[in-house]
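Q: Below is a structure I'd like to ask you about.
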Amino acid sequence: MASTETGQVTGTQDKDYNIIWFVEACLSNALRMESYIADAERDGDRELAAFFRRAQEESRKGAEQGKKLLAQRLGAEQ
């Protein structure tokens, strides 16, 4: 999706917005995985539950990395 908005409308530069969006997407995915894990466990599918747990952990890692990067970049702008 191409956009010409570069911060004039939102007040947030695209690169910062992109990191914020990435963090939100990772956190949303981690939350969604909780439902998928419960579904797999309810059906007795341990393999699938373990798969979703690994995916959830990777999403959490991505969110933490994104938050650290955003904090560094916002701190550097001051």
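Taken together, the values in this text are just the output of simple stated rules run on the coordinates, not laboratory data. Remember, predicted model here, so these are calculated numbers, not experimental data. With ideal geometry, Cβ positions are generated from the backbone for all residues, glycine too; neighbour counts draw on all protein chains shown.
Q: Would region 23-78 count as rounded, prolate or oblate if I go by the C-alpha gyration tensor, calling it rounded below 1.5 in a/c and otherwise prolate when a/b exceeds b/c, oblate otherwise?
A: Taking the square roots of the gyration eigenvalues as a ≥ b ≥ c, region 23-78 is prolate.
Q: Using a basic spin-label model with each label point 7 Å from the Cα along Cα→Cβ, how many nm lie between LYS68 and SER35?
A: The two pseudo-label positions are separated by 3.0 nm.
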